[in-house]
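Enquirer: Sharing a structure below in structure tokens format, with a few things to ask.
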Amino acid sequence: YLGTSILTDSDSFQDVVVKIERPTYHKPFLGGFKNRITGVEFHNAGSQTIPKKRPDKGIQLFCRETQTVFEKNKPQQTRNTTSTQMTKIGLYVSNMTDKLISPGKYLTAEEYHKRRLEAVIVLQTYFRRWHAINVVQNLKEEKKLRLAWEAQEELQRKKEKEEKLRREHERKLNPKTKEDFELLYHALELWRQEETERINRTLTGAERKAAFCGLLEQEAQLIASIGRHKLNADEANQQKAILHFLDKCAQPKRWKAYDGKITEMDTQSTLRARELFEIYRSVSMNDIPKDERTDILLTLRHTVKEHECKLTREIVELIDREVDLMSREVKECNLEGLRKRICTLFLQYIKTPQFNPEVARILKVPPDPLNLYKNVNFCHSCENYLPSTEFPVPANSRTIGRCHLCCKLNNEAQRREAFLKYKLILENLRKSETDYQDDAKIVFLVQHQDLQYMIENIWGCQSALSACSDLYDLVMVRWDKQHEWSPWNTILLTKDEADAHLKLCNLQEAYEAAFIHRIKHKHIRAKTYFAQIPAMTSFLHKSDNQANAN
């Protein structure tokens, strides 16, 4: 706004406010002239009022389609040119071939639509019949496939059961592992209980005492037979354990990179351990030609002579003795003792950290004596000081009890229980919890003794749904799969039932209220038992907080 004074008719001035609008665009040059004396420039100017804006009606009024005409010419002509002729004066047309057409019955619109409806109903009837035949045929095919699948599954389960029984029978006939001997002692205890019950039921007095004496002698003979099997199994497994130990020392260093790939790296220690492993495996081989045996012994002699000590001197002496005896054509059977001594001394050489540095991280007895004072506990049964890894620690234990060996001997002498089934259930449970990848912790605190208590005392050794009592077919899974497994968030089912249970989205709709109440009662019993365990206290509080939040 700009204030200015203008002259009126009465020779007086009046102040007027003038509104100046600044253009938002560059003013075009329309020409003009310049005063040469004063240098003032005068430009031509033009003005235009703002055009009236038409209101928007929401309809497109101007478009190319309405302003463009497309013309098309298309001739129309009948297929055949025909003509008719009638009788007239001067022309006769015969009517012998004419047909007399009389009008039929007139159909009203209601009658016409009624007839069409009846025809449609007939068509629908035939179509539905055809569709029903197809549906029934498909159902028959599905039923046939289902029955075939069920028969195949039943046959597969039968074969698996037979294979399982065959393996158990084979394991009892030729026991090799600790679990095999547990099954054997468990079978012995079942047999003893059956015989004891039979004697108490059928005999009395002196006959009963004599029968018990005979039973005791048979039991002692069976225990001695099991002991002989155990000695043979220990001897067979010793070489496997040695090779596994040496192979573990020779493994390269491994670590997982950020992209998930495994990187391996060999160090001087692992290469040295691998070289010694290969030499030991060659030395312990039997039935090889004398030339190869001589080369192996020379390689061994060259390896151990790198270090001078009493052990290496003894190994070199034994090697020279064997080479000398082989040159004298001594029989192979007479060299077995000498070769065993060479293998034993060379294994002692390998287990020495000065000669094989990689073995120091695997030996149970550390090279430094001061490390023996760390994580060492006293077994009150065998009265030995052992590392903490040699003691079973159930979740409900408050003190360190007996070591693994003493627990094993006590079980073989008294209760003779088989823990293989519970160990398999716990192993499958830990594997399934690892697959969830939600940082589950409780399942790794629970031991097979705790799982045995839950299965026997809380779940009754049977499936919660079908009451199946075959422990080999039972698994433990999460009751609510949204939370990690715990003794108060679990259910015991068969494998097929567990697969179906884990597919459920809403447990309240899938199960009846009585069944859910029964499962919750078992969870409360498990909470009561595990509430005594200090390690479980934090997890119990966490689950209670989650329940209150829900």
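Enquirer: Could you report the range 178-249's accessible area per residue, 1.4 Å probe, as an integer in Å²?
Expert: Details: 4730 Å² over 72 residues.
Heavy-atom accessible area per residue stands at 66 Å².
Enquirer: Ranked from the most accessible area to the least, with a 1.4 Å probe and all protein chains present, what is the order of 21, 412? Before the final figure, lay out the partial values.
Expert: Numbers: 21 145, 412 25 Å².
Result, largest first: 21, 412.
Enquirer: Additional query: Give the separation of the Cα centroids, the range 305-363 to the range 154-222, in Å.
Expert: 45 Å
Enquirer: Give the cysteines in the chain for which no other Cys Cβ lies under 4.7 Å away, or write none if there are none.
Expert: Taking the Cβ cut-off of 4.7 Å, the unpaired cysteines of the chain are 63, 213, 249, 309, 333, 343, 382, 406, 407, 461, 468, 505.
Enquirer: If you take every residue apart from residue 289 with its C-beta less than 13 Å away from the C-beta of residue 289, what net charge results, scoring Lys and Arg +1 and Asp and Glu -1? Please list the in-between numbers first.
Expert: Details: positive: 290, 293; negative: 287, 291, 292, 295, 332.
Overall, the nearby charge balance is -3.
Enquirer: Here is a further query. Considering only DSSP states other than H, G, I, E and B, which GluC sites (Glu not before Pro) in the range 25-77 qualify as loop sites with at most 14 other Cβ atoms within 10 Å? Kindly include the intermediate steps, with their values, before the conclusion.
Expert: Numbers: sites: 41, 65, 71; in loops: 71.
Hits after loop and neighbour filter: 71.
Enquirer: Expressed as a whole percentage, what fraction of the accessible surface of the range 31-79 belongs to carbon and sulfur atoms when a 1.4 Å probe is rolled over the protein heavy atoms?
Expert: On the range 31-79, the fraction of accessible area on carbon and sulfur atoms equals 52 percent.
Enquirer: Per residue, how many Å² of accessible area does the range 428-548 show with a 1.4 Å probe? Please report the intermediate quantities before stating the final value.
Expert: Numbers: 6450 Å² over 121 residues.
Per-residue accessible area for the range 428-548 comes out at 53 Å².
Enquirer: Of all accessible surface on the range 428-548 at a 1.4 Å probe, what whole percent is carbon and sulfur? Working shown, then result.
Expert: Values: 3230 of 6450 Å².
It is 50 percent, rounded to a whole number.
Enquirer: Given a 1.4 Å probe and heavy atoms of the protein chains only, how would you sort 378, 515, largest accessible area at the top?
Expert: Numbers: 378 65, 515 20 Å².
Largest accessible area first, the residues go 378, 515.
Enquirer: Per the Debye formula with a single identical scatterer at each Cα and no solvent contribution, what log10 I(q)/I(0) holds for the chain at q = 0.07, 0.13 Å⁻¹?
Expert: Values, matching the q order: -0.76, -1.48.
Enquirer: Could you rank the peptides 268-278, 444-454, 216-226 by their average count of other C-beta atoms within 10 Å per residue, with the highest value first? Please report the intermediate quantities before stating the final value.
Expert: On the way: 268-278: 17.1, 444-454: 18.8, 216-226: 12.4.
Order by mean packing, descending: 444-454, 268-278, 216-226.
Enquirer: Next question. Points 7 angstrom from Cα along the Cβ direction at residue 445 and residue 292: gap in nanometres?
Expert: In this crude spin-label approximation the distance works out to 5.6 nm.
Enquirer: Regarding the range 178-249, what whole-number volume in Å³ per residue does the convex hull of its Cα atoms give?
Expert: Details: hull volume 4.5 nm³, N = 72.
In the range 178-249, the Cα hull volume divided by residue count equals 62 Å³.
Enquirer: To two decimal places, what compactness ratio does the range 191-317 give when its Cα radius of gyration is scaled by 2.2 N^0.38 Å? Write out the running numbers ahead of the final one.
Expert: Numbers: Rg = 27.5 Å, N = 127, 2.2 N^0.38 = 13.9 Å.
After normalising by residue count via 2.2 N^0.38 Å, the value is 1.98.
Enquirer: How far is helix 290-304 tilted off the main Cα axis of the chain, in degrees rounded to 10, range 0 to 90?
Expert: Rounded to the nearest ten degrees, it is 80.
Enquirer: Using 1/(1 + (r/R0)^6) with R0 = 30 angstrom and r between the beta carbons of residue 331 and residue 174, what's the FRET efficiency to the nearest 0.05?
Expert: Numbers: r = 31 Å, r/R0 = 1.04.
Computed FRET efficiency for residue 331 and residue 174: 0.45.
Enquirer: Still on this structure: To the nearest 20 debye, what is the magnitude of the charge dipole of the range 115-171 about its Cα centre, counting +1 on the Cβ of each Lys and Arg and -1 on the Cβ of each Asp and Glu? List each step's numbers first, then the result.
Expert: On the way: 16 positive and 11 negative charges, 52 e Å.
So the dipole magnitude of the range 115-171 works out to roughly 240 debye.
Enquirer: How large are Rg and Dmax for the range 265-363 when calculated on the C-alpha trace, in angstrom?
Expert: 13.9, 46
Enquirer: Around residue 249, under 10 Å between beta carbons, what's the net of Lys plus Arg minus Asp minus Glu among the other residues? It would help to have the intermediate numbers written out before the result.
Expert: Values: positive: 248, 272, 274, 351, 361; negative: 247, 358.
My count for the surroundings of residue 249 gives +3.
Enquirer: Considering only C-alpha atoms, what is the centroid distance from the range 479-516 to the range 410-448, in Å?
Expert: Answer, in whole Å: 20.
Enquirer: To one decimal place, what orientation-averaged projected area in nm² is obtained for the convex hull of the Cα set of the range 28-126? It would help to have the intermediate numbers written out before the result.
Expert: On the way: hull surface 103.4 nm².
Result: a mean projected hull area of 25.9 nm².
Enquirer: Go ahead and run the numbers for FRET between residue 221 and residue 407, Cβ-Cβ distance against an R0 of 25 Å, rounding to 0.05.
Expert: Details: r = 26 Å, r/R0 = 1.02.
The formula returns an efficiency of 0.45 here.
Enquirer: Solvent-accessible area per residue for the range 89-164 at a 1.4 Å probe radius, Å²? Intermediate values should be presented prior to the final figure.
Expert: On the way: 7910 Å² over 76 residues.
On a per-residue basis, 104 Å².
Enquirer: When averaged across all projection directions, what area in nm² does the alpha-carbon convex hull of the range 428-548 cover? The partial results should precede the final answer.
Expert: Numbers: hull surface 29.3 nm².
Quarter of the Cα hull surface area: 7.3 nm².
Enquirer: Can you list residues whose amide H is under 5 Å from residue 491's amide H, if they're 5+ apart or on another chain and H is modeled 1.01 Å from N?
Expert: Hits under the 5 Å cutoff: 477, 479.
Enquirer: Taking the Cβ of residue 163 as the center, what net charge do the other residues with Cβ under 13 Å away carry, scoring Lys and Arg +1 and Asp and Glu -1? Spell out each step's value before the answer.
Expert: On the way: positive: 157, 158, 159, 161, 164, 166, 167, 171; negative: 160, 162, 168, 170.
Residues close to residue 163 contribute a combined charge of +4.
Enquirer: Another question, then. For the chain, what is the calculated [θ] at 222 nm in deg cm²/dmol (nearest 500), taking -39500 (n - 2.57) for each run of four or more DSSP H residues and dividing by its residue count? Please report the intermediate quantities before stating the final value.
Expert: Values: 16 runs with 280 residues, N = 550.
Computed mean residue ellipticity for the chain: -17000 deg cm²/dmol.
Enquirer: Beyond 12 Å, what share of the Cα-Cα pairs of the range 115-171 remains, rounded to the nearest whole percent?
Expert: Taking all Cα-Cα pairs of the range 115-171, the fraction more than 12 Å apart is 76 percent.
Enquirer: Tell me, what % of the accessible area of the range 178-249 is carbon and sulfur with a 1.4 angstrom probe? Let's see the in-between values first.
Expert: Numbers: 2610 of 4730 Å².
About 55 percent, which is the carbon plus sulfur part of the accessible surface.
Enquirer: By accessible area of protein heavy atoms, probe 1.4 Å, what ranking do 381, 282 get, highest first? Present the calculation step by step, with values, prior to reporting the outcome.
Expert: Values: 381 65, 282 35 Å².
My answer, sorted largest first, is 381, 282.
The values are calculated or read from the model by the stated rules, or taken from the named source; none is laboratory data. Since the structure is predicted, the reported quantities are computational estimates derived from the model, not experimental observations. With ideal geometry, Cβ positions are generated from the backbone for all residues, glycine too; neighbour counts draw on all protein chains shown. Surface accessibility is based on the protein's heavy atoms, side chains included, excluding ligands, DNA and RNA. Shrake-Rupley method; radii C 1.70, N 1.55, O 1.52, S 1.80 Å.
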